[in-house]
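Okay, so here's the structure we're looking at.
The values are calculated or read from the model by the stated rules, or taken from the named source; none is laboratory data. Since this is a predicted model, take the numbers as computed values, not measurements. Neighbour counts run over all protein chains shown; Cβ positions are idealised from the backbone, glycine included.
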């Protein structure tokens, strides 16, 4: 109705003239269907204008000798946008993410249905007014759940015409493009057909279903439900819809079934807006004629469209977009008529027959329609999980079946679409069996009969007749302890599918479950959380939409927020249109210990069963498994059982409690070890709860219980006296040790951040100062342990939430620590900005010198030597006789050109520092000295000897590693390989620089290790090394580093050795994948030769 002021007065004359011309084709028009978008903004005034327009149209109809019945449904322009902050609409906006919202809606809870009805009030009032006025004929209707849901039967010339209208726009209350997000629920149809849609349709000669939207605007689950439950083959003769302004027509047959006819109507009086807000006119309508003669039923359509003539004028005429017959019509279908009495009798027989008899009477297409499963296509998923995809295809090619473990949120359907599409199969030919209630083979087969009204044998018959397809047996409860005779549940299902595979030679079978607790060996391919490199690829696939977040820092934060769970990632990306990533991090449930949106994520059925079983389990006065799960929920990176065994004051946790949680699929374990480059360190096993389970458990606890658990966690990590400012972590949490686990640091970061938020919301000044003091001592401990990346990760989030002003300059201290960490990981510009905005009056003289020294080092890296000179003068003016002043002087010497004079001054300054106890500065000077051009091997070793002797694996570790790397480079140049001690040192430096994001040191370590393994022709370790380094480089967009190593001669040997028994299948596949993606054009000949 937009722009009606100028469009309708002219258009109506074209319409009325064309209706008069078409009168000769049809004796009369019996009914008119308006498929929505009757107005533009749903306002009262627009509906009043609509009354005038409809009156004009019906005046023309009456002039032509007819008075057709009007059937109408609403479109998205016929509702009034609600207040998005309304709690009901906030909840409804997560319709597809939250099963609980859907269940509560149709259960009539929380006023959800009333809220939806209110946004259609103006449409409903108009429809009521139209009916009461009696001027325009409207049918006697059976109304449904939503405004516009209706059914009616029109008796026309001894034929019964059944018309169903379903509101497809009720979820489109949010602004923006809602394509693929809408819903038409089966319950809408049942409500307007007295809970028996099949019987209702059988009683009619022709059945029409109308929606506003085409099918592809519905969510994938709603599309699947439409095909199987609402509009299966043969139920409705034609589906009429609008929305897209243009006309369209399709007639398709699936699996040899009756044709599905869909007709999209043009907009009668609307405009489509295209680029630069230019209006394009898509106006028209269609006349449909149903006839039943001599045992045949036919539907003909005359599509009419507004065309611009050569003169520039417009006229309504045949729509040239269609392939028209001589009379400008399209034959939609020509079918054999079935006597209504026969149809009724058949329905009665089906209703009285057992399920198996009904199944036998069904055709192949009707059987398969019951199992049809929609697999969504996602371009974003086409570039990730390449190794898993190839592994599934390899197993399908060899065995024709594969086990896939896909936990909730892992985008298993999108992955399966990719598997079938790239394997040359049709993803639309996927058929699903729900196995979540499996209780044994006999019961399972009987359940199929009851649920789907067809036997497993008949399903096999239909699959064999259909040909190439995929049978998905889904939600298999492999975490059950139940056995069936002497067989496990896995063996039971493999027996069942062996029957299908033998009977149906052209199908493949996917066995899918959500946990692999009892699946071992080569049977299973597991879809894991995306790592940071895959997350970067995933986000980049959206093009410019999230371009500002395609950087290392943002990807790390996004991974921290989502755990790399694809569904969580999708939710977070959508939220970025409302809040920036920095604010989204602050709303994380792991930080807030509550669901920031106030709603729960839809929990899969298998998990709900496990949680329900656990909550109903009793153990005296407590439930140890549930208590252990609550404890694990507050540690996002998990915990070792031995550490939290005594977390409860009155009762221990035991292995049996963790084993039960693992059996139920509620927790998992991860093994922490080195990257397997020769390390013999014993692995540790950590228990962790997936994010969905954490969120579910956290939402079930009250704030006091959560606060108590977090404070106990603080005591566990930081000692009993952390509230008094005494920082004494137990030896298991040695944060100033360079070898402290990264997972422990991330957990500690969150514990302190939660303490800060609790203090700000519930505490006073004492609690706030305690959390700030703890943050400072903890950050200093991390810096002593050279955990520079850990400091940045922690303080980036902590300072964003901390008060802008704090007593005793504590915030300034934390900002200085953040700036030091940023400089160490190479973020020099940001480090400079943070220090330059610190108020130096809040700092002690010592901290002022630290700040100035940090600025000197950062400005040196960005090449501003004048700034370095000035800052050195400022630093020395505070105190010229301490280690900070001496280090400043060494920086000035480093800026000078190499010369004998500079070497002498550096030597003198180093000796001065060692005599005065400034060991760290002296060691830094030694590292400057070894870069002199004219030094031989013995001289370098002599300079570095005091560095090695004065440092250890726990003291000045970063300096020690740099010295060890320099020595190893000399050794490698001489011998082409490293000895055992040197190799161990470089492996240690490699992992440390990887975790702390020290790019230059990391590249040096990789180069040394690559040369060593290359010389030894150690292909296994070369592959492992490349895989880990590739992750680091990809995250930073440094594919040039990958290409450098992929194109080396040794890569030819690695590829050629692939068939000679290399044991690292995963690493081989990854290496080949990166060759294809990074240097495909350069190595295509190489791969062919080998």
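Find the strands (runs of 3 or more DSSP E) located wholly in region 184-260 whose residues include 3 or more that are farther than 24 Å from residue 335 by Cα and at pLDDT 90 or above, and list them.
Qualifying strands (runs of 3 or more DSSP E): none found.
Does residue 145 fit the bill of being assigned to a strand (DSSP E or B) and either in contact with a helix residue (DSSP H, G or I) (Cβ under 7 Å, 6 or more places away or on another chain) or in the same structural domain as residue 220 (by TED's automatic domain parsing) (or both)?
Considered against the rule, which asks whether it is assigned to a strand (DSSP E or B) and either in contact with a helix residue (DSSP H, G or I) (Cβ under 7 Å, 6 or more places away or on another chain) or in the same structural domain as residue 220 (by TED's automatic domain parsing) (or both), residue 145 comes out as no.
Name the residue, out of 139, 147, that is surrounded by fewer than 21 Cβ atoms within 10 Å (Cβ to Cβ) and more than 25 Å from the chain's Cα centre (by Cα).
None of the others qualify; the one that does is 139.
Only one residue in 935, 972, 893 is free of Cβ contacts under 8 Å to residues at least 60 places away in the same chain and assigned to a loop (DSSP other than H, G, I, E, B), so which one is that?
Sole residue among the options that is free of Cβ contacts under 8 Å to residues at least 60 places away in the same chain and assigned to a loop (DSSP other than H, G, I, E, B): 935.
Out of (1) modelled with pLDDT of 75 or more; (2) closer than 30 Å to residue 287 by Cβ; (3) part of a helix (DSSP H, G or I), what's the single condition that is false for residue 420?
(2)
Out of 582, 562, I need the residue that is modelled with pLDDT of 80 or more, in the same structural domain as residue 537 (by TED's automatic domain parsing) and either touching a strand residue (DSSP E or B) at 6+ places or on another chain (Cβ under 6 Å) or farther than 21 Å from residue 635 by Cα (or both). Which one?
582
If residue 118 satisfies every condition in (1) surrounded by fewer than 20 Cβ atoms within 10 Å (Cβ to Cβ); (2) modelled with pLDDT under 90 but one, which is the exception?
Exception for residue 118: condition (2).
Hey, among 843, 884, which residue is at pLDDT 95 or above and touching a helix residue (DSSP H, G or I) at 6+ places or on another chain (Cβ under 7 Å)?
884
Condition first: in a loop (DSSP other than H, G, I, E, B) and in contact with a strand residue (DSSP E or B) (Cβ under 9 Å, 6 or more places away or on another chain). Now tell me which residues in region 56-73 satisfy that.
Answer for region 56-73, where residues must be in a loop (DSSP other than H, G, I, E, B) and in contact with a strand residue (DSSP E or B) (Cβ under 9 Å, 6 or more places away or on another chain): 68, 73.
So residue 132 ticks every box in (1) out of contact with any helix residue (DSSP H, G or I) (no Cβ under 7 Å at 6 or more places or on another chain); (2) buried (at least 18 other Cβ atoms within 10 Å of the Cβ); (3) in a helix (DSSP H, G or I) but one. Which box is left unticked?
Every listed condition holds for residue 132 apart from (2).
Just to confirm my filter: which helices (runs of 4 or more DSSP H) fall fully inside region 601-714 and include at least 1 residues that are modelled with pLDDT under 80?
The helices (runs of 4 or more DSSP H) meeting that bar are 605-616.
Looking at region 227-234, is at least one residue closer than 20 Å to residue 161 by Cα and without any contact (Cβ under 8 Å) to a residue 40 or more places away in the chain?
yes
Six or more apart or on different chains, Cβ atoms under 6 Å: show the pairs whose first residue is in region 536-547 and assigned by TED's automatic domain parsing to the domain that holds residue 580 and closer than 17 Å to residue 1036 by Cα and whose second is part of a loop (DSSP other than H, G, I, E, B) and at pLDDT 85 or above.
Final answer for the pair search is 537/384; 538/384; 539/550; 540/550.
Among what's in region 446-455 and is touching a residue at least 40 places away in the same chain (Cβ under 8 Å) and over 32 Å from the mean Cα position of the chain (by Cα), pick the residue that is surrounded by the most Cβ atoms within 10 Å (Cβ to Cβ).
Restricting to residues being touching a residue at least 40 places away in the same chain (Cβ under 8 Å) and over 32 Å from the mean Cα position of the chain (by Cα), the top hit is 454.
Within region 478-516, which residues are farther than 19 Å from residue 437 by Cβ and modelled with pLDDT under 80?
485, 486, 516
Could you run through region 314-337 and say how many residues are free of Cβ contacts under 8 Å to residues at least 24 places away in the same chain and under 20 Å from residue 14 (Cα atoms)?
Number of matching residues: 2.
Read through the list (1) in contact with a strand residue (DSSP E or B) (Cβ under 6 Å, 6 or more places away or on another chain); (2) not assigned by TED's automatic domain parsing to the domain that holds residue 207, then give the number of the only condition that residue 106 fails.
(1)
To keep it simple, each residue is scored yes or no on (1) surrounded by 20 or more Cβ atoms within 10 Å (Cβ to Cβ); (2) without any contact (Cβ under 8 Å) to a residue 40 or more places away in the chain; (3) within 35 Å of the chain's Cα centre (by Cα); (4) part of a helix (DSSP H, G or I).
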{"residue": "1003", "(1), (2), (3), (4)": "no, yes, yes, yes"}
{"residue": "1012", "(1), (2), (3), (4)": "yes, no, no, yes"}
{"residue": "1015", "(1), (2), (3), (4)": "no, yes, no, yes"}
{"residue": "1020", "(1), (2), (3), (4)": "no, no, yes, yes"}
{"residue": "1026", "(1), (2), (3), (4)": "yes, no, yes, yes"}
{"residue": "1033", "(1), (2), (3), (4)": "yes, yes, yes, yes"}
